[in-house]
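One structure is given here, and the rest of the page talks about it.
Read-outs throughout are calculated quantities, based only on the coordinates presented, and are distinct from any laboratory measurement. What you see is a predicted model; the values in this text were computed from it and never measured. Virtual Cβ from ideal backbone geometry, glycine too; neighbours counted across all protein chains shown.
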Amino acid sequence: IVAMKGLGGFHLCVDAANDAAVRRLRRQKCREEKPFAIMVRDVARAEAFAELDEADRLLLESFERPIVLVRKRSKSPLSGALAPGMATLGIMLPYTPLQHLLLQEDFHALVMTSANRTDEPICIGNREAIARLNGIADLFLTHNRDILVRCDDSVAMTLDGEPYLLRRARGYVPRPLILARQLPPVLALGAHQKVTVCILKQDRAFLSQH
């Protein structure tokens, strides 16, 4: 299990075809059932594990690089513990230079899940990751680019050929949503956990990451 520093936080990574490693990651992370997302080199590799239409391909290759929920193929070399009991699989393409380098190796796919224990925030600092992920990660792949703001991977899917966001975060924020009319300035803070902050300014809504 490798803790790898990314763009908006650390990921925990294992070989997605190694069933023992995927199941061990579940135990170490205390994540019993929630599915793991995987990262693959390109769309051609993704089509070995999932049934993609043109809208799925476009969304996977978009510059936002979200995790895209797609229908799993019935036969796959990947671990059955990735998304147990589910018909879909979350797949994304690499979006940092380090990820591109790793995916040049002969992996079918890599699990890329947020580096934290269940219900804790994602790790963003090198020392923080080493301290908090002690007992989960065996290796740490870090660098000297500081992460100032946590930002999880975005999650999306397609429906009738159109993209739909399930979690709006990395790649989409802080780009505003354009509104149909101008509104008075409002700051919306939401509830305690797993929400977004929103600032209205004229005809634009600036949403924070998830």
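Treat each spin label as a single point 7 Å out from the Cα along the C-beta direction, and report the residue 160 to residue 74 distance in nm.
3.0 nm
What percent do you get for the relative contact order of the chain when only Cα pairs under 8 Å and 6+ apart count?
Numbers: 432 pairs, mean separation 51.8, N = 210.
This gives 25 percent for the chain.
Kirkwood hydrodynamic radius (Cα pairs, Å) of segment 1-44? Could the numbers behind the result be given before it?
Details: mean 1/r = 0.0862 Å⁻¹.
Kirkwood hydrodynamic radius for segment 1-44: 11.6 Å.
Can you give me the pair-distance distribution of the chain, C-alpha pairs, 5 Å bins, whole percents?
1, 7, 14, 18, 19, 17, 11, 7, 4, 2, 0
With equal scatterers on the alpha carbons only and no solvent term, can you work out the Debye log10 of I(q)/I(0) for segment 131-188 at 0.18, 0.27 1/Å?
-0.95, -1.19
Please state the Cα pair-distance histogram of segment 3-73 with 5 angstrom bins from zero: what percent is in each bin?
3, 13, 23, 22, 20, 14, 5, 0
Once Rh is set to the Kirkwood radius over Cα pairs, what Stokes-Einstein translational diffusion coefficient, in µm²/s, holds for segment 60-168 at a temperature of 20 °C and a viscosity of 1.002 mPa s?
Working: Rh = 16.1 Å.
The Stokes-Einstein estimate is 133 µm²/s.
Pop the C-beta distance of residue 45 and residue 86 into the FRET formula with R0 = 25 Å and round what comes out to the nearest 0.05.
It comes to 0.80.
HN-Hα J couplings of segment 151-168 from phi, Karplus 6.51/-1.76/1.60, θ = phi - 60°, integer Hz, Gly and Pro as x?
Couplings: 8, 6, 5, 6, 10, 9, 8, 10, 9, 6, x, 10, x, 10, 8, 9, 9, 9 Hz.
Report the FRET efficiency, 1/(1 + (r/R0)^6), for residue 100 and residue 144, where r is their Cβ-Cβ distance and R0 is 22 Å, rounded to 0.05.
On the way: r = 19 Å, r/R0 = 0.85.
Working from the Cβ atoms, E equals 0.70.
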